[in-house]
Amino acid sequence: MRLLTMNQTIKNIFNWLLILLPPLLLTPLLFIPLDMFTMLFWGPAFLIFLVSAWHILQFLAKRLRGQTQFRKELIRPLLAILIIVAAAGLVAASRHSADEFGRRIARNAQQICNERGECPLIVEGLSHLEGRTRGLCRTSYGDYGAKFVITYSASEDRKTFQVTVRHNIDEALILQGGVHQELHETLQVY
C-alpha cells in the first residue's frame, strides 16, 4: 500500500515537471534582445506562442460546448504565453531605458561642449577605451535584463560628438551634438 502511494507521488511530481519545465526553459528570453542572430531563440519562442494560443483556443471552444473542464495541462500553454509576453515587454522596457541613458549622456556631453567650448574625451558613466587618439567610451546598459551597447565618441577637433545606442545589428539610435549646436536624434536602420 505504501509503495503504491510513493509511486503515485513520484508520478505526480514527474507530471508537474512535464507541465512546468518546458515553459520555464523560455526564461532566458528575458535577457536576450531582439536581433537578427537572436532570432534563433525568438523564432522558436514565437512558434511556441502560436501553438500555445492554439491550445488555449481549442480548450475555450470545447469549454463553450460544455465538453471539457479545466485541466492542469492548460497551465503549460498559459505559462509559456505569460513568459514570452513578459520577456518581450521587458526587452522593450530595457531598450527604452538604454535609449534614455544614451540621451542623458548626450545631454551631459552637450552641456560640457557649450560650457568649455570643446567636447569631452571621456564622459561619466561610460568606460574609456585606451589607445584611442580621440575620445571613445563604451558600456552596456539596460535596466530590465537585456543589455544594449552605448558608445560615445568625440571628433578629432573636439567640436562635435556622437552617442550611439545599438539596438541590434541593423538599428541604432544616434545622438549628435557639439559646440554651440543643437542635439540631434535619429533612428538609423542599416
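Take Met36 and decide whether it is assigned by TED's automatic domain parsing to the domain that holds Val85 and part of a loop (DSSP other than H, G, I, E, B).
Judged against the criteria, Met36 is a match.
For the range 111-134, state whether one or more residues are closer than 16 Å to Glu185 by Cβ and either charged (D, E, K, R) or modelled with pLDDT under 85 (or both).
No, that holds for no residue.
Here are some residues: Arg76, Arg104. Which one is basic (Lys, Arg) and either touching a Leu at 6+ places or on another chain (Cβ under 8 Å) or assigned to a loop (DSSP other than H, G, I, E, B) (or both)?
Arg76
Looking at the range 135-150, which of its residues are closer than 23 Å to Gln111 by Cβ and free of Cβ contacts under 8 Å to residues at least 24 places away in the same chain?
The answer is Leu136, Cys137, Arg138, Thr139.
Can you tell me which of (1) outside the structural domain of Pro33 (by TED's automatic domain parsing); (2) within 25 Å of Phe41 (Cα to Cα); (3) buried (at least 17 other Cβ atoms within 10 Å of the Cβ) is the one Gly178 doesn't meet?
Condition not satisfied by Gly178: (2).
A quick yes/no check of all residues on (1) closer than 21 Å to Asn168 by Cβ; (2) of a type in the set (Val, Ile, Thr); (3) outside the structural domain of Leu183 (by TED's automatic domain parsing); (4) assigned to a helix (DSSP H, G or I):
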site: Ile13; (1), (2), (3), (4): no, yes, yes, yes
site: Pro28; (1), (2), (3), (4): yes, no, yes, yes
site: Val51; (1), (2), (3), (4): no, yes, yes, yes
site: Ile81; (1), (2), (3), (4): no, yes, yes, yes
site: Ile122; (1), (2), (3), (4): no, yes, no, no
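So, Phe59, is that one in a loop (DSSP other than H, G, I, E, B) and without any contact (Cβ under 8 Å) to a residue 24 or more places away in the chain or not?
no
Do you know which residues across the range 17-37 are free of Cβ contacts under 8 Å to residues at least 24 places away in the same chain and either in contact with a Gly (Cβ under 9 Å, 6 or more places away or on another chain) or not aliphatic (A, V, I, L, M) (or both)?
Hit for the range 17-37 is Pro28, nothing else.
Checking the structure you have, find out if any residue of the range 105-128 is free of Cβ contacts under 8 Å to residues at least 24 places away in the same chain, among the hydrophobic types (A, V, I, L, M, F, W, C), crowded, with 16+ Cβ neighbours inside 10 Å and more than 30 Å from Leu29 (Cα to Cα).
Checking the range 105-128: at least one residue is free of Cβ contacts under 8 Å to residues at least 24 places away in the same chain, among the hydrophobic types (A, V, I, L, M, F, W, C), crowded, with 16+ Cβ neighbours inside 10 Å and more than 30 Å from Leu29 (Cα to Cα).
Out of the residues in the range 1-37 that are in contact with a strand residue (DSSP E or B) (Cβ under 8 Å, 6 or more places away or on another chain) and surrounded by 11 or more Cβ atoms within 10 Å (Cβ to Cβ), state the one that is farthest from Val85 (Cα to Cα).
By that ranking, first place goes to Asp35.
Identify, please: which residue in the range 139-163 is surrounded by 20 or more Cβ atoms within 10 Å (Cβ to Cβ) and β-branched (Val, Ile, Thr) and is, among those, nearest to the chain's Cα centre (by Cα)?
Checked the range 139-163; the qualifying residue nearest to the chain's Cα centre (by Cα) is Ile150.
The values are calculated or read from the model by the stated rules, or taken from the named source; none is laboratory data. Keep in mind that what you see is a predicted model, and the values were worked out from it rather than measured. We place every Cβ from the backbone using ideal geometry, glycine too, and count neighbours over all the protein chains shown.
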